[in-house]
Amino acid sequence: MTKLNDQIEDYLRFGQIERGLSENTITAYRQDLTEFLNFLQQEKIDSWPTEAVEIDAFLARQKDLNKASSSISRMISSLRKFYQWLARQNIQKLNPMIEIDSPKKQWRLPVALTQDEMDRLLAAPNVEKKLGLRDRALLEMMYATGMRVSEVINLQLEDVHPDLKLIKVFGKGSKERLVPVSNIALDWLAKYEKEVRESLVLKQGRNTEFVFLNNRGGSLTRQAVWQIIKHYCQLANINKDVTPHTLRHTFATHLLENGADLRVVQEILGHSDISTTQIYTNLTQKHILEVYRETHPRA
């Protein structure tokens, strides 16, 4: 199995160096391929399967573990790309993945907060405390820009341009985009930088360019942002399943509900395909129906 594990690592290095894949994508590939390798070990299979039936057995195991269809689809995609690489490297020519179909995607509306819920969430941090002030600035920035969690934790001081009311964001595939930001978010950011961030940098003992820092002066992690949001949702009595991505959904939904053009929202979010953005219009249509039913005398 050491040989197979080495081949996975060679493939991941290829993806990182030759294809320039992001760290998050590499992590997802490693997780999927490691899970596949663990399955082969359990089944005492010591080489990459060449029959579709063996792949089907692995996927059936995932279904038995109640994995979501989206997770299984991702695993299938990971295995497809891996087997293509195996063929190009002349490691294995037979590709069982050509006989494997992806499961039908379970389509569902993303969770979004109402304006009242968002206001309560933003007001939840105690800004009299240093980390509370940092958290308020963080939440304001995420709601004002629709940044992904990976984008906000990697945001650097030089990327913020208060005079232009713009932020330079490095998204998926290292694609760069300029995102407008509100005066309110910039004001909270400036307050955090002046009253909190400088002391956190001194605490670490060395300079850092990341905007949002933890209580030791290091950069925030994805998990830390997730925990921050969960904590303040509890304080604000918000019972929805809220994640960092929920703030991104909320940002897009509120823009569209207030008349923003879909193409503009697409550019701000950094979606390469407008069909990705169009999922938010379903929330907007639902909002329109609710308003109509509540206000039209004959509805």
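The values are calculated or read from the model by the stated rules, or taken from the named source; none is laboratory data. Given the structure is predicted, the values throughout are model-derived calculations rather than measurements. All Cβ positions, even for glycine, are placed from backbone atoms using ideal geometry, and neighbour counts span all protein chains on display. Heads up: the accessible areas ignore ligands, DNA and RNA and are worked out on the full protein's heavy atoms, side chains in. Shrake-Rupley method; radii C 1.70, N 1.55, O 1.52, S 1.80 Å.
Couple of notes before you dig in:
- Pairwise centroid distance, computed over Cα atoms, of the stretch 257-286 with the stretch 58-95, Å: 31 Å
- Axial C-alpha extent at least 27 Å, average Kyte-Doolittle at least -1.0 - helices from the chain (DSSP): 23-42, 69-88
- With the highest mean first, a sort of the peptides 148-155, 263-270 on other beta-carbon atoms found within 10 angstrom per residue produces 148-155, 263-270.
- Here Lys44 is the anchor, and the lysines within straight C-alpha reach of less than 24 Å, apart from those fewer than 8 places off in the same chain, are Lys3, Lys63, Lys67, Lys81, Lys93.
- Reference-scaled alpha-carbon Rg (2.2 N^0.38 Å with N residues) for the stretch 157-260: 1.21
- For Lys286, a cut-off of 23 angstrom between C-alpha atoms picks up these lysines, skipping any fewer than 8 places away in its own chain: Lys105, Lys240.
- Residue-averaged [θ]222 nm for the chain, counting only DSSP H segments that reach four residues, each worth -39500 (n - 2.57): -18000 deg cm²/dmol
- Three-way shape call for the stretch 1-51 based on the alpha-carbon gyration tensor, with the a/c threshold at 1.5: prolate
- For Leu178, net neighbour charge (Lys/Arg +1, Asp/Glu -1) across residues whose Cβ lies under 14 Å away: -2
- Förster-model FRET efficiency, 22 Å R0, Asn258 and Lys175, C-beta, rounded to 0.05: 0.25
- Each Cα pair under 8 Å and six or more residues apart adds its sequence gap; the mean of these over the residue count of the stretch 27-177 is a relative contact order of 14 percent.
- In percent, rounded to a whole number, the relative contact order of the chain is 16, using alpha-carbon pairs under 8 Å and six or more apart.
- Taken along the Cα-to-beta-carbon direction at a fixed 7 Å, the label points for Lys130 and Asn239 span 3.8 nm.
- For a straight C-alpha distance cut-off of 27 angstrom, the lysines reachable from Lys191 (same-chain residues fewer than eight places away being disregarded) are Lys129, Lys130, Lys165, Lys168, Lys203, Lys230.
- Legend: calculated FRET efficiency, Arg13 to Ser77, from the Cβ-Cβ distance at R0 = 25 Å, rounded to 0.05, equals 0.80.
- Point-to-point label distance, Arg222-Ile184, nm (Cα→Cβ direction, 7 Å offset): 2.9 nm
- The apolar share of the surface of the chain, taken as the fraction of accessible area on carbon and sulfur atoms (1.4 Å probe, ligands and nucleic acids excluded), comes to 49 percent.
- Cβ-based net charge around Thr2, under 15 Å, with every Lys or Arg adding one and every Asp or Glu removing one: -3
- Distance cut-off 26 Å, percentage of C-alpha pairs in the chain lying past it: 57 percent
- Full extension of the chain between Ile274 and His161 gives 38.0 nm of extra length, using 0.36 nm per residue less the Cα-Cα distance.
- Cα gyration tensor category, rounded, prolate or oblate, for the stretch 1-157 with a/c compared to 1.5: prolate
- Accessible area of the chain divided out per residue, in Å², using a probe of 1.4 angstrom: 57 Å²
- Per-pair calculated FRET efficiency, R0 = 35 Å: Glu294 and Gln31 via Cβ, rounded to 0.05: 0.15
- Sequence-distant contacts, meaning Cα pairs under 8 Å at least 6 residues apart, place the relative contact order of the stretch 141-299 at 24 percent.
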